[in-house]
1. Kindly indicate the residue of region 94-113 that is in contact with a Ser or Thr (Cβ under 9 Å, 6 or more places away or on another chain) and surrounded by 14 or more Cβ atoms within 10 Å (Cβ to Cβ) and also nearest to residue 15 (Cα to Cα) among those meeting that condition.
2. For the list (1) part of a loop (DSSP other than H, G, I, E, B); (2) at pLDDT 90 or above; (3) among the aliphatic types (A, V, I, L, M), I need the number of the one condition that residue 66 fails.
3. Return the only residue of 73, 4 being part of a loop (DSSP other than H, G, I, E, B) and open to solvent by less than 50 Å² (accessible area, probe 1.4 Å).
4. How about region 83-121: which of its residues are over 20 Å from the mean Cα position of the chain (by Cα), under 19 Å from residue 255 (Cα atoms) and not in a strand (DSSP E or B)?
5. Among residues belonging to region 122-136 that are open to solvent by 20 Å² or more (accessible area, probe 1.4 Å) and in a strand (DSSP E or B), point out the one that is modelled with the lowest pLDDT.
6. Residue 161: open to solvent by 30 Å² or more (accessible area, probe 1.4 Å), over 30 Å from residue 17 (Cα atoms), among the β-branched types (Val, Ile, Thr) and modelled with pLDDT under 85, yes or no?
7. Does at least one position in region 21-31 carry a residue that is in a helix (DSSP H, G or I) and at pLDDT below 90?
Amino acid sequence: MTDNALNSLFRHQSYYLTLPSGGKYYKTAPQLSADGELGLMPMTAADEIKLKSPDALFNGDGLYHLFKSCAPNIPEPSEIPAIDIDAILIGIRLAAGEESMTMNSKCPSCGHSAPYEIDLNQVLRSIKPKSFDNVVEIREDVTVTLHPITLGSQVKTQIETFYQLQMQQALANAEANMESNRELFEKALGSAIALQVGQVADCIQSVTMKKEGEEVVVDNPDHIMEWVKNMTKADHKAISDRIALISSTHKIEDMDLKCPECEHEYKIKVELNPANFF
């Protein structure tokens, strides 16, 4: 670093976050403090511009850039488990001293719209993983060790889903050509299957089997992918259900509101969308 008299004005790690995952499930472990917390820095103006770019939001570059900038102790942002994403986003705002966010809501009774303040510390406290049990026994001699869906997997799913919707729209708008419709349908179906198989395979860390009194551990991604393509429906459901459980957090509590116009009391759902969160 150059000898810059303005160094003292640079942003620094000003908020320390306890990750919902506890720092587990990363291939390359994040560097945590002695207390097991992740240091976070406020956003820069460049971070905000990048995050709000439609292309960067679509392909994930906006979030990757944001996490590299504000959470530099996470070596590879694509490995961030889904259960940590919202907590880190809130932590970045708290690092900037922003302890609340404004949400506009329309009263369902009189239709009056008004802004309301939401306590981000309260929202952060509600983000807790539903389960840390990442090992599922699919039969007596076979156990599967899993990790939650990652940011990289979410982005890949988002992109694939977009193209599938485009394909379905093309299918709906296609002329009454049976051969053309059949080809479009088969392509859309194949993409959907590949997406589902790929996401499950990506979340399988290893498979442990007992054979002739010995344990055999398989962690080769190609072998795991081949198995996922050929596993039974029951095995697929058991694994998919556990992935969903360890990838989700407790529901953020709905916010109680009172309309200033007609005093009608109602609840709204609090959603953290990176596109408008900052």
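1. Filtering first and then ranking leaves 95.
2. That leaves (1) as the condition not met.
3. Of 73, 4, the one residue that is part of a loop (DSSP other than H, G, I, E, B) and open to solvent by less than 50 Å² (accessible area, probe 1.4 Å) is 73.
4. Residues satisfying the conditions are 98, 99, 107, 108, 109, 110, 111, 112.
5. It comes out as 129.
6. So residue 161 fits the description; yes.
7. no
Per-residue answers, yes or no, for (1) over 30 Å from residue 120 (Cα atoms); (2) under 21 Å from the mean Cα position of the chain (by Cα); (3) among the hydrophobic types (A, V, I, L, M, F, W, C); (4) at pLDDT 90 or above:
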residue: 181; (1), (2), (3), (4): yes, no, no, no
residue: 192; (1), (2), (3), (4): yes, yes, yes, no
residue: 207; (1), (2), (3), (4): yes, no, yes, yes
residue: 214; (1), (2), (3), (4): yes, no, no, no
residue: 223; (1), (2), (3), (4): yes, no, no, yes
residue: 236; (1), (2), (3), (4): yes, no, no, yes
residue: 249; (1), (2), (3), (4): no, yes, no, no
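The values are calculated or read from the model by the stated rules, or taken from the named source; none is laboratory data. Quick caveat, the model's predicted, so the values are computed rather than measured. Reconstructed Cβ throughout: ideal geometry from the backbone, glycine too, with neighbour counts over all protein chains shown. For the accessible areas, the whole protein counts, side chains as well, though only heavy atoms, and no ligand, DNA or RNA atoms are used. Shrake-Rupley method; radii C 1.70, N 1.55, O 1.52, S 1.80 Å.
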